[in-house]
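What follows is one structure encoded as structure tokens, with my remarks underneath.
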Amino acid sequence: MAHFVTIAFAALSLAFTAPAFAQLQDENANDFTEKLEIGISTDEIAITSDFRGADLTIFGAVDGFDPSLLAQGKYNIIVSLEGPKDNATVRKKERVFGIWVNTSSMTFELVPESYSLSSTRDIETIAPPGEMGNMGIGVDHMRLVPLGFVGDGSNLGEFRNAFRRIRETSGVYERDPGGVQFISSSLFKASVRLPANVPNGVHVVRAYLFRDGTFVAAKALPLRVVKTGLEQVITQTAHEQPLFYGFFAVLLAVITGWGASLLFRKE
């Protein structure tokens, strides 16, 4: 039986997130009268090394709505929190002569390190799957493009399904149908999850408005996540001064080993 593991690498620069953010900032699909606004209490979250995850609440409003359509439940909201993007490699393990070894792999280009989705109801009932797929909304419709892929594509679906399963099992990808609720005729709130191992960098809060199955408008806001304390100092040193970090790590290992030998040596 094959097993899959996933490894993320090659950090994405902000240049890739900025165009997507700008595209959604004031997008209005077909000149609808409805407008969408969202807000968060802060644009930066500082977390410590003992962070265990948290829920982030986003508030929003729909302006220019049709009261009769609202009363019929024709308006639906989808809110996502998308982490920085990296390439991600999925490796397939198989048992060869009794030993588990990597037999094949596939790397997907620029996928979110974390992804939390909330909606007024199951997104598959909000709009046709084809439209969700075109917009890349939801874990099942996320664009997973193989990097430098050569082949007939026969195992592409297998690797995509494995990637989604691994990310959801680890808790970095989550979905919550019903996580968005209208609290008045035009105001709504949404709860999205910051996982315990949330990555550093610029995350993007995206909100989508649908009217009777048709996309109406979208809005996006950046959210910066930074780690503080000793963990941040170590991470920053490792990236900005790798030679010093490597020397210090080796020196610390030598001192620790020497100290342990003195402590436990036999008289």
Selection from the range 71-107 of residues that are surrounded by fewer than 16 Cβ atoms within 10 Å (Cβ to Cβ) and either assigned by TED's automatic domain parsing to the domain that holds Phe215 or at pLDDT 95 or above (or both):
Ala71, Gln72, Gly73, Lys74
Long-range neighbours under 6 Å by Cβ, at least six apart or interchain, first residue farther than 24 Å from Val172 by Cα within the range 95-120, second part of a strand (DSSP E or B) and of a type outside the set (Lys, Arg):
Thr103/Glu94
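Say whether the condition of being modelled with pLDDT under 90, out of contact with any Lys or Arg (no Cβ under 8 Å at 6 or more places or on another chain) and surrounded by fewer than 16 Cβ atoms within 10 Å (Cβ to Cβ) is met by at least one residue in the range 160-168. Full working, then the answer.
Just the residues of the range 160-168 that are modelled with pLDDT under 90, to begin with: none.
No - not one qualifying residue is present in the range 160-168.
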Of (1) of a type in the set (S, T, N, Q); (2) farther than 25 Å from Phe210 by Cβ; (3) at pLDDT 90 or above, Asn155 satisfies all except one. Which?
(3)
Across the range 30-46, the tally of residues that are closer than 16 Å to Asn200 by Cβ and assigned to a strand (DSSP E or B) stands at 3
In the range 23-39, what residues are at pLDDT 90 or above and within 24 Å of the chain's Cα centre (by Cα)?
Leu36, Glu37, Ile38, Gly39
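Which residue out of Leu209, Leu230, Leu194 is modelled with pLDDT under 95, crowded, with 18+ Cβ neighbours inside 10 Å and either touching a Ser or Thr at 6+ places or on another chain (Cβ under 8 Å) or within 20 Å of Gly39 (Cα to Cα) (or both)? Reasoning before the result, please.
Details: Leu209 fails: modelled with pLDDT under 95; Leu230 fails: crowded, with 18+ Cβ neighbours inside 10 Å.
Just a single option satisfies the conditions, and that option is Leu194.
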Assuming Ser49 fulfils every condition listed in (1) open to solvent by 70 Å² or more (accessible area, probe 1.4 Å); (2) closer than 17 Å to Val192 by Cβ; (3) assigned to a loop (DSSP other than H, G, I, E, B) apart from one, which condition is it?
(2)
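The values are calculated or read from the model by the stated rules, or taken from the named source; none is laboratory data. Bear in mind that the values here come from a model prediction, so they are computed numbers and not experimental data. Note: ideal-geometry Cβ built from the backbone for every residue, glycine included; neighbour counts use all protein chains shown. We work out accessible area using only protein heavy atoms, side chains counted, and drop any ligands, DNA or RNA first. Shrake-Rupley method; radii C 1.70, N 1.55, O 1.52, S 1.80 Å.
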